[in-house]
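Below is one structure, written out as structure tokens; comments come after it.
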Amino acid sequence: MNNMKKMLVVALALGGLCLSGCVYVRNLSGWSGIMEGGFKFDIGTPAYEERGYEVFDTGKGGVLSIDADNIKLNIEGAQVAEVQIDYARQIWGKNITPAEAQKAMDEMSLDFEKRNKEVRVGASTGQNLNRGINVSKRLIALDIKVPVDMAIVVDSDNGAIAIHNVAGDINIEVNNAAIELTRVSGNIEISSDNGAIRLTSPSTGNLLLESDNGVINVSVDELAGDSYNIKTDNGMVNIALSQEVGADLEVTVENGRVSADFPLERKGPTYTGSVGGGGPKIKVSTDNGMVNIEKK
């Protein structure tokens, strides 16, 4: 592993206390937003955890790729030329013996690889191996600082994802995860089976948000792309646009209703209209749910 600065602590938490010498992940404050209004991801204090730190020199740009099963992921763009990763393997359960804890830790894998300007992170918790031991849950927490213009690709089964202050493109595919994006200005593509999606940004490029079951909240001040598509099978869609935004609207609701601060014409299940003299088309569709479009 390149330029490795590794710290390892296995800590037993009793009554919310941590053994002396416990090393804390760099910045958990990035989770304050995702813990509000339906994005809460707080499952208490782990019984044991193992922490470490990795640094990869990538220069500007590049790609960060993450493939994981159960993660708590916080990514923040900064004026840096390195990918800086604080990580923690965490396990929960009552009456866990040290031998059980070590066995569970050994079954969790966390791999790092750098290829040119791409940093790959692979994480597996071995969650399906809990039978016969007192471990109830396993989780890998990643707190990552990246160059602002870095592209990000995430493939995860369960957990929570927060990304802030990133100008590169973002591609996320998840099964069960809450997702929060703030101050992101590249092209964004998200596919989610279950979980809420919240996007708040002054400007964003092309947008494709798809969720089978989950609320989608979008708040933007400027549309820098030309394609904006939001789709959900069962869930509410809330869109807040600044008064400076120019866009054409096309909203299709099979079973539900549409509420808008802008005049819309209805033809069957589809509502159309424009704001700010028109512009890029914002297409919203839901099978069962409500769509609300408002002025900021």
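The values are calculated or read from the model by the stated rules, or taken from the named source; none is laboratory data. Keep in mind it's a predicted model, so treat the numbers as computed, not measured. Note that each Cβ is placed from the backbone with ideal geometry, even for glycine, and that neighbours are counted across all protein chains shown. Accessible surface is based on the protein model in full, side chains and every heavy atom, while ligands, DNA and RNA are left aside. Shrake-Rupley method; radii C 1.70, N 1.55, O 1.52, S 1.80 Å.
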Could you grab the pairs with beta carbons closer than 8 Å, sequence gap of 6+ or different chains, first residue in segment 188-207 and touching a residue at least 40 places away in the same chain (Cβ under 8 Å) and closer than 13 Å to Thr232 by Cβ, second one open to solvent by 10 Å² or more (accessible area, probe 1.4 Å) and of a type in the set (Asp, Glu)?
none
Within segment 267-296, restricting attention to residues that are over 16 Å from Asn229 (Cβ atoms), in a strand (DSSP E or B) and in contact with a strand residue (DSSP E or B) (Cβ under 8 Å, 6 or more places away or on another chain), which residue is least open to solvent (accessible area, probe 1.4 Å)?
Val275
Name every residue in segment 188-229 that is under 15 Å from the mean Cα position of the chain (by Cα), of a type outside the set (D, E, K, R) and more than 19 Å from Asn292 (Cα to Cα), in order of residue number.
Ile188, Ile190, Ser191, Ser192, Asn194
Quick one: in segment 221-256, which of the residues that are of a type in the set (Val, Ile, Thr) and in a strand (DSSP E or B) is most open to solvent (accessible area, probe 1.4 Å)?
Thr252
Failed condition for Thr272, given (1) over 24 Å from Gly195 (Cα atoms); (2) of a type in the set (S, T, N, Q); (3) in contact (Cβ under 8 Å) with a residue 40 or more places away in the chain, with all others met?
(3)
Six or more apart or on different chains, Cβ atoms under 9 Å: show the pairs whose first residue is in segment 76-103 and under 20 Å from Gly122 (Cα atoms) and whose second is part of a loop (DSSP other than H, G, I, E, B) and among the aromatic types (Phe, Trp, Tyr).
Asp86/Tyr24
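Results for (1) surrounded by fewer than 16 Cβ atoms within 10 Å (Cβ to Cβ); (2) of a type in the set (Gly, Ala, Ser); (3) in a strand (DSSP E or B), shown as yes or no for each residue.
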| position | (1), (2), (3) |
| --- | --- |
| Gln90 | no, no, yes |
| Ala99 | yes, yes, no |
| Leu110 | no, no, yes |
| Arg138 | no, no, yes |
| Ser156 | no, yes, yes |
| Gly168 | no, yes, no |
| Arg183 | no, no, yes |
| Gly186 | no, yes, no |
| Ser192 | no, yes, yes |
